[in-house]
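**Student:** Got a structure for you, written out below as C-alpha cells; questions coming shortly.
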C-alpha cells in the first residue's frame, strides 16, 4: 500500500456500509483530502459503526464486559472527522450509470437519491439462515451484529434452562461454544461435517474435536439439522437431526455467512462464484473506474491457489478499507491477495491454519506431500511447555510450501504467521528449515515446531521426487 | 538443507566437542552411514553431552527442577547409536596436514594421536572472564556449563546473604537477574553500556531498563567494573566500579563469550574478525576439504548486513550440526546464514530483535528510516491485552526491511518471527503491510503490531524518498 496526496476537485465520495471496510475507507480518504476537496457521505442501515463483530463471542462469553468496548470508532467520532455519516439509512438501489444511490430512512421510510463521483461498496456479509422449520422461533440466535449479540444476552438472562445447542462448528461455532461454556451452559455443538473446523483437514479437526470433548462440550458430527422444535409458547425447545433431537433452551446459529451483494447484483456489477464482488488489485470493482468494494462483500485472490475466495474477516476488511480510501482519496495502494490465514481458540485450545488444505490443493491440480509432527511450545524442560501438532503441505518436486495447520495450547496459534509469511514469499519447505526464528527455552524448543515440520516435509519431498 | 545417502568407505569421522553442534553432526552422519561405512569418534573434555546451556538460568532460578532435564541426549544414548564418545578427553592439538588430532585424558594426563578422514570442529565458546582483581574469588560464578550452574547453586545454598550482583546486562545477565529474583535475592545488575540489552538500540533497551526496575532489580548503567573485593576468607564481598562499590554475597558474570578457537588458530585455520572459524555455505572450513566447523566457534554470514558475525546460540548450533552431519555423511546441505533473531525474557517482560540495529546499519553504509509504535498483544477490548512496543528499520528509498525490535509482555517475543521471515525473503515494509497474519481478538488487534509498524515505516519511506 502506498499513497500520495493529490488535490481533490470538490467531489463526493459515497460509502455504503459503516463497519470496518467502509469506515476505514472513509477515514483514509478523509486523511488525504480536506472537506472542501472531497465530501464524504456514509450510509449505514444499523445503529453502529466500526465495531468488531469478531469480538461478539467474547462479549457474550463475559470476557468483554460491555458492548461499547467492541466499538472502535463511534458515529460521533466519524462525524468529528468531517464524515457525513447517516445511520439507520439503508441503500436500496445502486445506479452506476447515473452515478447515484437511492436510500431509505429506516424509521420514516422516506426515500431519496444521492449522487456520487466515487462510490465504495462495503455492504458486508449476511449470515446463512437455513430455511428450516422453527428457525425464527424465540431462543434461536445468530451472532453477526451487535444487535444480535444483545438479543442473545437478553435471552440468556431471562431463560432459566442451561442447555445450549450451537449449530455449526466453524470459527463462530467453536467460539460460541466457548462463550456458552464460560457462562455455565451445557453445550452441544451440532456439526454437518465429519469433524469440527472444516477449515482444517479432518485429521487436524479431530484434535479439535477431542479437545472440545475434554472441555465438556458435546460434539455431534455428521449431523444435518432438519428443524427446530418449539414449545407451546412458540419458544425453541430442541434442535432436530435425522437421527435424534437435542434439547435446547437456547440455540446459536453459527453456520457462516455469504457476501451481501443484493444491491451490486441488481446493478449488474461483476460477482464471482462465491457471490462476492470481483475487484482488481486496487480494490476497484472490475470494469468500473469509480467504484471500489471491500470487506466481507468481496472475493479475494488466494495467492497460493491462484483462485478467488470469500473470506469474511475483520483484518482483511480493514486492509481493504485502507487501500480503497487511499485510491479513492487520490493516492495509490494495492491489495495483493491473501494466503488464507486464520486463528481461533476454544478455551485454551489454539487452532490456526494458512494456505491450502489437502482438498484445496487437489481441487486446483496441485500434487503434494503432507507431514504431521508433534512438538512443544517451549523447550521440553521449561515449565508449562505444551504439546503442539503441526501439519504441513509442500508441493511435490518443487517443495514449495502450500499450507500449514497447527493445533495446540498457548503459543500455537500465532506460530502460523511464520508460515503465512513464508507462503507469501513463495518459500520451499527446504528453505524454511534454515529460517532464523526466535529461540530461547521459554519461547520454543531449539528447533521450532514449524522448523521440525519443514525438515520432515523437505525430506519427504526429496524422497519422493 | 538436503541430504542423500552415499556409501561410505570405512572412513573415520572425528568430532571435537560433545555439545549441540558436534553431537548433532555426529548423529546426523550416523543416520546416513552404518558403522562399517563410517566410524565416528567424538571427544568431549567435560562430563556431559548435548545439553542446553540456554536452560541454565531457568535451572538456577528454579523453573527447571534438576540438571538432567537440560540434557537432550546422554553419553549412553550417543554410544547406543554407535558413536564412540570419549568423555573427559581434551583435544590439545590439531594437525590438518597429518589428518590427526592429539588428545589428553583429563584424569590420567595420558596423550595420544587419533587420525581422521573427516573432522568436525565444534569447540564452542568460552566466557569472557575479565582480568580483574578478585575475579577468581569464591562466590564469583560464570554460567556457561552445567558444572558452572551446579557450582553457582552450591554457592547459593551455602551462602546466607541475599545480595546478588550480576555483571553484564545482555541475555545471560537479564536471565540471571530473573533467576536470582525468583530465588528471593536482592539483585543489582552492573552494566557497562548506557542501557541493558545492547543487542537492542538504546531507546528500546530503555524500556527493558524501566521494566527491570519495576521488577525490583537495581539496574546500574554506564558502570565499568574495576574489581571485586573479598573478605578476610577470600570470598567475594563487593563489586567495585570507578564510582562506588556494590555489596555482593554472590556475583554472576554474564559478560558474554568468545569463540573457542585456540586449537584452530594454532593449526592455522582461517579465523574472522570476531575470532571465529570461517566456513563456506556447507559449513566446511574455508580452504579445507575435509574439515567442517559449527556452533559457537564459528562466524556466520549476516544476510542483512552481508558481513560475518559471531552469534553463540543453541538454535544455530543445532542447524550447523545438521548441515555438517549431512555433508560429512556424504549428503548435501547448506546453511545460508542468519538474520540475527533473538528472543529473551526477564520475568514477564519479553524482548526480541532481528536484523540490524541503527548502529549496525550505519556501520555497513545503509541509510534508513526508523519508526517506533505502541500497540497491544490482543484486541484492546480482550482481557489481558498488554502493551507492546515495536521499532522497525527500513532502508531509505527501497523500503527494504532492515530490522525489528519488540519489547512487551506475553505474545511480544515470538512476533519477531514475522519479521525474521520477511527479512529472509527480502521484503519491503510496504510489502509487509498486506501480510495475511493470523487475527482473532485473543491473538492480535485487527492490525497486528508488526503491520502497524510496517505501515508507519512504509509511509516514512515514501515521504522521504
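**Student:** Filtering segment A:129-143 down to residues that are within 25 Å of residue A:88 (Cβ to Cβ) and in a loop (DSSP other than H, G, I, E, B), which residue is modelled with the lowest pLDDT?
**Tutor:** The extreme case among them is A:129.
**Student:** Among the residues of segment A:426-436, how many are within 16 Å of residue B:427 (Cα to Cα), in a loop (DSSP other than H, G, I, E, B) and in contact with a helix residue (DSSP H, G or I) (Cβ under 7 Å, 6 or more places away or on another chain)?
**Tutor:** Summing the residues that are within 16 Å of residue B:427 (Cα to Cα), in a loop (DSSP other than H, G, I, E, B) and in contact with a helix residue (DSSP H, G or I) (Cβ under 7 Å, 6 or more places away or on another chain) in segment A:426-436 gives 2.
**Student:** Here's another thing I want to ask about it. Do we have any residue at all in segment B:151-159 that's part of a strand (DSSP E or B) and modelled with pLDDT of 95 or more?
**Tutor:** Here is the first cut: in segment B:151-159, the residues part of a strand (DSSP E or B) are none.
No: zero hits.
**Student:** Given the conditions (1) surrounded by fewer than 17 Cβ atoms within 10 Å (Cβ to Cβ); (2) facing another protein chain (nearest Cβ under 10 Å), and given that residue B:69 satisfies all but one, which numbered condition is not satisfied?
**Tutor:** Just one mismatch for residue B:69, condition (1).
**Student:** A further question on this structure: Quick test for you: out of A:85, A:13, A:94, pick the one residue that is over 21 Å from residue A:277 (Cβ atoms), in a strand (DSSP E or B), at pLDDT 95 or above and in contact with a helix residue (DSSP H, G or I) (Cβ under 7 Å, 6 or more places away or on another chain). Outline the logic, then answer.
**Tutor:** Values: A:13 fails: over 21 Å from residue A:277 (Cβ atoms); A:94 fails: over 21 Å from residue A:277 (Cβ atoms).
Going through A:85, A:13, A:94 in turn, just one is over 21 Å from residue A:277 (Cβ atoms), in a strand (DSSP E or B), at pLDDT 95 or above and in contact with a helix residue (DSSP H, G or I) (Cβ under 7 Å, 6 or more places away or on another chain): A:85.
**Student:** Which condition breaks for residue A:52 when tested against (1) within 14 Å of chain B (Cβ to nearest Cβ); (2) over 22 Å from the mean Cα position of the chain (by Cα)?
**Tutor:** (2)
**Student:** State all residues of segment B:350-366 that are over 17 Å from residue B:204 (Cα atoms) and touching a strand residue (DSSP E or B) at 6+ places or on another chain (Cβ under 7 Å); if no residue qualifies, say none.
**Tutor:** B:366
**Student:** Of the residues that make up segment A:343-363, is at least one surrounded by fewer than 19 Cβ atoms within 10 Å (Cβ to Cβ), under 22 Å from residue A:458 (Cα atoms) and either free of Cβ contacts under 8 Å to residues at least 40 places away in the same chain or not assigned by TED's automatic domain parsing to the domain that holds residue A:391 (or both)?
**Tutor:** yes
**Student:** Looking at segment A:449-460, which of the residues that are surrounded by fewer than 23 Cβ atoms within 10 Å (Cβ to Cβ) and at the interface with chain B (Cβ under 9 Å from one of its Cβ atoms) is nearest to residue B:410 (Cα to Cα)?
**Tutor:** Of everything passing the filter in segment A:449-460, A:455 is nearest to residue B:410 (Cα to Cα).
**Student:** Return a yes/no flag: does segment B:33-44 have any residue that is in a loop (DSSP other than H, G, I, E, B), surrounded by 24 or more Cβ atoms within 10 Å (Cβ to Cβ), in contact with a strand residue (DSSP E or B) (Cβ under 6 Å, 6 or more places away or on another chain) and modelled with pLDDT of 95 or more.
**Tutor:** No, because not a single residue in segment B:33-44 is in a loop (DSSP other than H, G, I, E, B), surrounded by 24 or more Cβ atoms within 10 Å (Cβ to Cβ), in contact with a strand residue (DSSP E or B) (Cβ under 6 Å, 6 or more places away or on another chain) and modelled with pLDDT of 95 or more.
**Student:** If we keep just the residues of segment A:365-385 that are in a loop (DSSP other than H, G, I, E, B) and more than 17 Å from residue A:447 (Cα to Cα), which is nearest to the other protein chains (Cβ to nearest Cβ)? It would help to see each step written out before you state the result.
**Tutor:** Initial filter on segment A:365-385 (in a loop (DSSP other than H, G, I, E, B)): A:365-367, A:377-385.
Subset that is more than 17 Å from residue A:447 (Cα to Cα): A:365-367, A:383-384.
Details: A:365: 22, A:366: 19, A:367: 20, A:383: 5, A:384: 9 Å.
Going through the qualifying residues, I end up with A:383.
**Student:** Moving on. Mind checking which residues of segment B:256-266 are more than 20 Å from the chain's Cα centre (by Cα) and buried (at least 19 other Cβ atoms within 10 Å of the Cβ)?
**Tutor:** B:263, B:264
**Student:** Tell me which of these residue A:189 doesn't satisfy, since it passes every other one: (1) closer than 19 Å to residue A:138 by Cβ; (2) surrounded by 21 or more Cβ atoms within 10 Å (Cβ to Cβ).
**Tutor:** (1)
**Student:** Within segment B:306-329, can you find the residues that are in contact with a helix residue (DSSP H, G or I) (Cβ under 6 Å, 6 or more places away or on another chain) and outside any helix (DSSP H, G or I)?
**Tutor:** In the first step, residues of segment B:306-329 are kept if they are in contact with a helix residue (DSSP H, G or I) (Cβ under 6 Å, 6 or more places away or on another chain); the result is B:312, B:314, B:317-318, B:320-322, B:324-326, B:328-329.
B:312, B:329, listed by residue number.
**Student:** Being without any contact (Cβ under 8 Å) to a residue 60 or more places away in the chain and more than 20 Å from residue A:145 (Cβ to Cβ) is the filter here; which residues of segment A:25-77 pass it?
**Tutor:** Across segment A:25-77, the qualifying residues are A:34, A:35, A:36, A:37, A:39, A:40.
**Student:** If you check A:428, A:433, which single one turns out to be within 23 Å of residue B:28 (Cβ to Cβ), crowded, with 24+ Cβ neighbours inside 10 Å and modelled with pLDDT of 95 or more?
**Tutor:** A:433
**Student:** Here's a check for you: in segment B:97-128, which residue that is outside any strand (DSSP E or B) and touching a helix residue (DSSP H, G or I) at 6+ places or on another chain (Cβ under 7 Å) is nearest to residue B:239 (Cα to Cα)?
**Tutor:** Selected residue: B:124.
**Student:** Can I ask one more? Give me the residue from segment A:394-417 that is more than 10 Å from chain B (Cβ to nearest Cβ) and touching a helix residue (DSSP H, G or I) at 6+ places or on another chain (Cβ under 6 Å) and, out of that set, surrounded by the fewest Cβ atoms within 10 Å (Cβ to Cβ).
**Tutor:** Here the answer is A:407.
**Student:** Is it true that residue A:421 is surrounded by fewer than 24 Cβ atoms within 10 Å (Cβ to Cβ) and either at pLDDT 95 or above or in a strand (DSSP E or B) (or both)? Write out each step before concluding.
**Tutor:** Values: surrounded by fewer than 24 Cβ atoms within 10 Å (Cβ to Cβ): no; either at pLDDT 95 or above or in a strand (DSSP E or B) (or both): yes.
It is false that residue A:421 is surrounded by fewer than 24 Cβ atoms within 10 Å (Cβ to Cβ) and either at pLDDT 95 or above or in a strand (DSSP E or B) (or both).
**Student:** Here's a check for you: in segment B:323-347, which residue that is at the interface with chain A (Cβ under 10 Å from one of its Cβ atoms) and farther than 20 Å from residue A:433 by Cα is nearest to the chain's Cα centre (by Cα)?
**Tutor:** Looking at residues that are at the interface with chain A (Cβ under 10 Å from one of its Cβ atoms) and farther than 20 Å from residue A:433 by Cα, I get B:344.
**Student:** Collect the residues in segment A:420-447 that are more than 8 Å from chain B (Cβ to nearest Cβ) and within 18 Å of residue A:376 (Cβ to Cβ), keeping them in residue-number order.
**Tutor:** Passing the criteria: only A:445.
The values are calculated or read from the model by the stated rules, or taken from the named source; none is laboratory data. Keep in mind the model is a prediction, meaning the values are calculated, not measured. Methodologically, a virtual Cβ is constructed for each residue, glycine included, from the backbone with ideal geometry; neighbour enumeration extends over all protein chains shown.
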